[in-house]
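Step one of this worksheet: look at the structure below.
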Amino acid sequence: MKAVMVMFDSLNRHLLPPYGADWTHAPNFRRLAERTVTYDTCYAGSMPCMPARRELHTGRHNFLHRGWGPLEPFDDSMPEILKRHGVHTHLVSDHQHYWEDGGATYHGRYNSWEFFRGQEGDAWKGQVADPEIPDSPRATRNDLWRQDWVNRQYLDTEAKQPQTLTFDAGLEFLRTNRAEDDWFVQIETFDPHEPFFTQDHYKDLYPHDYEGPHFDWPDYNRVTETKEQEQHARYEYAALLSMCDHSLGRVLDAMDEHGLWDDTLLVACTDHGYLLGEKGWWAKVVTPWYNELVHTPLFVHDPRRPDRAGTRDAALVQTIDLAPTLLDFFGAELPPDMQGRPLSETADAQHPRKSALFGMFGGHVNITDGRYVYMRACHDDTNQPLYEHTLMPTRIRGRFTPEELNGLTLAEPFPFTKGVPTLRIPAHPSPLLGPQRFGTLLFDLEADPLQEKPISEPAVELRLARQLVERLRANDAPADQYARLGLPYAPEDVNEAHLLVDAQRERAETRRQPAARSDEFTEGALNLRTPLAELLAEPAAADAVRRIVPGLLDTELLTVRGGSTLLQIAAFTGHPARPQLSAIADELARLFPASDHHPSHDGEPSR
């Protein structure tokens, strides 16, 4: 038995032809659907990138206990279990987060692995002089942005692209081992994740008139660009999607050439999607997890069921089902902590999944039954209490600070930690990323598939709130999550007093009103997004920042990041002052009302 997984990052279901897209050039996804089961109701679970990959290994949700981070010592790992079962597991990837602090325990679970450099500001090529960077409507100018433009100088042909090299290596594995048995290869590319960088022959598939600035990397932000710029970025994503389609076609060709369809499981999947201007937003994380982000594409060929080729399956499935599917295929026993189930069981209509849980640490906790989506926000503006439960205190590109760890205590073991207590560390997510900005939301996908009109249906909310508590208990959610969400521990105790849709509607609608071009969320937030050097031109502003967070604006930080914003500085340095950012913003807004903000060169307020 053999298995191949082709995994993309930020692959949008609604832009694939098998799911109804009629304008993207992706013939190999059509070809894939003819040989596989196309799953129509697949949902992500824990977001974003590395939390999703932790689910891929463990078959259980993790976003209720911690944010982005490595595999934990107590985690079950699907490829490691396969390895112990005598299956050779091999990872080929250009996903740079595997080799950073917050993902450094994943690749070592495979028998062998290969990594290709250069994606999204990967700390790859060293260049002291600044690279040439074209003008762009993108507001964020940080070290990641600079490094990406250094890297692009070395990626001037398709053959050199990390995606191409990743698929080259995956195909080499198939050629080398096609006659062998008991292996699993995971061919995983970071594309079509931003930046949407690819060669001109893919861009030429989407001809359009555009003479604006270079724009293939939107901010995680509201759409403030012109309609022409917005559409151009969408075409840039589509061009990269078409490159992904070409790489997929190479795998399908290899399946044909080596006769692998008869004995090889093939899974094509993603971690989550990406907003391309839908609902007025770019990217992810800063919004609730709408269907564009969590209703994901999934294609599976199981050689044990050739009769299912070219069919569709409406069963509610999730990312947590992929590890059990692979273990089941190779005859390995599923660990008791895995909560997903093999996809081969979806045909069993007697035991359908009634609901799917999904979310991001510190954000909305969401549940869907396939028709309704219920997005439960924190019950008040504090988004507290909230704790990270971990034995691996690292983030994407850094470690927890001593200041953060000073408040830790030991938590009692959870059922899935195998008797091991965890560190219980206070968490303070930025209010600009918090669920309180949007409030609790309820959508009827049957009447409103694009989730444009939140509804108020107390009976439906009550039913889903009770199901949510059931899912919290099934996932061993810590007590602070119930308190943060304003929910009791027992489903039967949930009543009308716990409903939040109507209670938060007016406040959330006010906060969701379209912002001015330069004002993302509030008057204070304008200061968060104003370049630091510009803010500090006013002595009173500098004094306010230093008073609220002493030491934030030290000499080195000013020198290196004078063109960055307070929000960017906190985000990209892991500065412990993130919780105080809103206080800084409010104070600056009081000192300098909107009319006093420095105008930019074109007469609009500075971004």
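The values are calculated or read from the model by the stated rules, or taken from the named source; none is laboratory data. Fair warning: this is a prediction, and the values are worked out from it, not measured in the lab. Please note: Cβ atoms are built from the backbone with ideal geometry, for glycine as well, and neighbour counts cover all protein chains shown.
One residue is enough: does region 234-244 have a residue meeting the conditions of a type in the set (A, V, I, L, M, F, W, C) and under 19 Å from Leu171 (Cα atoms)? Yes, region 234-244 contains a residue that is of a type in the set (A, V, I, L, M, F, W, C) and under 19 Å from Leu171 (Cα atoms).
Put simply, of Pro426, Pro454 the only residue that is surrounded by 18 or more Cβ atoms within 10 Å (Cβ to Cβ) and of a type outside the set (A, V, I, L, M, F, W, C) is Pro454. Return a yes/no flag: does region 153-176 have any residue that is under 30 Å from Pro478 (Cα atoms), in the same structural domain as Met47 (by TED's automatic domain parsing) and not aliphatic (A, V, I, L, M). No. Arg507 satisfies every condition listed in (1) modelled with pLDDT of 95 or more; (2) more than 18 Å from Met360 (Cα to Cα); (3) among the basic types (Lys, Arg) except (1).
When Gly331, Gly363, Gly359, Gly340 are checked against the criterion of being of a type outside the set (A, V, I, L, M, F, W, C), at positive phi and crowded, with 23+ Cβ neighbours inside 10 Å, Gly359 stands alone in meeting it. If we scan region 322-343, do we find a residue that is among the polar types (S, T, N, Q) and closer than 11 Å to Cys42 by Cβ? No; the residues of region 322-343 include none that is among the polar types (S, T, N, Q) and closer than 11 Å to Cys42 by Cβ.
Looking across region 440-451, the residues that are over 20 Å from the mean Cα position of the chain (by Cα) and either on the phi > 0 side of the Ramachandran plot or surrounded by fewer than 20 Cβ atoms within 10 Å (Cβ to Cβ) (or both) come down to Asp444, Leu445, Glu446, Ala447, Asp448, Pro449. Restricting attention to region 89-104, the residues being crowded, with 20+ Cβ neighbours inside 10 Å and part of a loop (DSSP other than H, G, I, E, B) number 2. Can you tell me which residue in region 368-402 is farthest from Val469 (Cα to Cα), limited to those that are of a type in the set (A, V, I, L, M) and surrounded by fewer than 23 Cβ atoms within 10 Å (Cβ to Cβ)? The extreme case among them is Ile396.
If you scan region 398-419, which residues turn out to be in a loop (DSSP other than H, G, I, E, B) and out of contact with any Phe, Trp or Tyr (no Cβ under 8 Å at 6 or more places or on another chain)? Give the derivation first.
Let us first name the residues in region 398-419 that are in a loop (DSSP other than H, G, I, E, B), namely 398, 400-401, 406-408, 412-414, 418-419.
Passing the criteria: Gly398, Phe400, Thr401, Asn406, Gly407, Leu408, Glu412, Pro413, Phe414, Gly419.
Considering (1) within 30 Å of His57 (Cα to Cα); (2) buried (at least 20 other Cβ atoms within 10 Å of the Cβ); (3) of a type outside the set (Gly, Ala, Ser), the lone condition that Lys160 does not fulfil carries the number (2). Could you give me the residue pairs with C-beta distances under 6 Å whose first residue belongs to region 478-496 and is touching a residue at least 24 places away in the same chain (Cβ under 8 Å), whose second residue is assigned to a helix (DSSP H, G or I) and charged (D, E, K, R) wherever it lies, and which are 6+ apart or on separate chains? From region 478-496, the pairs are Pro491/Arg466; Pro491/Glu470; Val494/Arg466. The residues listed here are Thr311, Thr270, Thr264; of these, the one that is touching a Ser or Thr at 6+ places or on another chain (Cβ under 8 Å) and surrounded by 22 or more Cβ atoms within 10 Å (Cβ to Cβ) is Thr270.
The residue pairs whose first member lies in region 40-56 and is closer than 14 Å to Met338 by Cα, whose second member is in a helix (DSSP H, G or I), and whose beta carbons are closer than 6 Å, counting only pairs six or more residues apart or on different chains, are Gly45/Glu55; Gly45/Thr319; Gly45/Ile320; Glu55/Thr319; Glu55/Ile320; Leu56/Leu322.
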